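What follows is one structure encoded as structure tokens, with my remarks underneath.
The values are calculated or read from the model by the stated rules, or taken from the named source; none is laboratory data. Remember, predicted model here, so these are calculated numbers, not experimental data. Here Cβ is always computed from backbone atoms with ideal geometry, including for glycine, and neighbour counts include all displayed protein chains.
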Amino acid sequence: MPNGKATPLHVHPEADEMLYLLDGSIRVHLEGSDDAIVAAGGLALVPRGTPHAFVVESGEARILVVFTPSSAISEQFFRLAGEPASHPTAAPPPADAERFAAAAERAGLRVLGLSPFTPVEDVPVPASAGS
């Protein structure tokens with residue numbers, strides 16, 4: 001993920017999320033807590049049902065994401081929302097808010113609103129956010 005890449009504020013109602021930083025650093029926002037910086041080798045744990053978001057603070061970051069319990073639903077979101085990289089160093093394509101919204105709905109991910117880190121014009125937020 002490139003510098004400045006941010007997720008919208010969202011929640012996984014049925015799964016805990018673990019973010020393990022392989023490279024780089026991110027700032028993690030958990031609703032009700034102070035933001036935390038997580039660097040390479042660090043771990044962020046997000047209990048199910050907790051509104052959260054993160055932003056890449058380093059030049060780029062590689063993150064291993066694990067959901068517990070594991071399910072096809074979590075994998076389904078990433079397959080539906082993303083595009084396979086054409087090359088390991090290729091820049092990601094522009095975000096597609098409609099595709100993101102459809103993937104979130106099908107996978108049971110609830111988008112609550114804009115990222116707490118990114119200017120409004122830079123964040124794709126599905127029309128269904130907050131509903």
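Some points to look at:
- For the range 23-55, taking the residues that are under 18 Å from SER115 (Cα atoms) and small (Gly, Ala, Ser), the one that is surrounded by the fewest Cβ atoms within 10 Å (Cβ to Cβ) is identified as GLY32.
- THR118 fulfils the conditions (1) over 17 Å from PRO8 (Cα atoms); (2) part of a loop (DSSP other than H, G, I, E, B); (3) modelled with pLDDT under 85 except for a single criterion, (1).
- Candidates ALA91, ALA85, filtered to the one that is in contact (Cβ under 8 Å) with a residue 60 or more places away in the chain and loosely packed, with under 12 Cβ neighbours inside 10 Å: ALA91
- Taking residues in the range 37-63 that are free of Cβ contacts under 8 Å to residues at least 40 places away in the same chain, and partners anywhere that are assigned to a loop (DSSP other than H, G, I, E, B) and surrounded by 13 or more Cβ atoms within 10 Å (Cβ to Cβ), the pairs with Cβ atoms closer than 6 Å and at least 6 places apart or on different chains are ARG48/HIS12; ARG48/ALA15.
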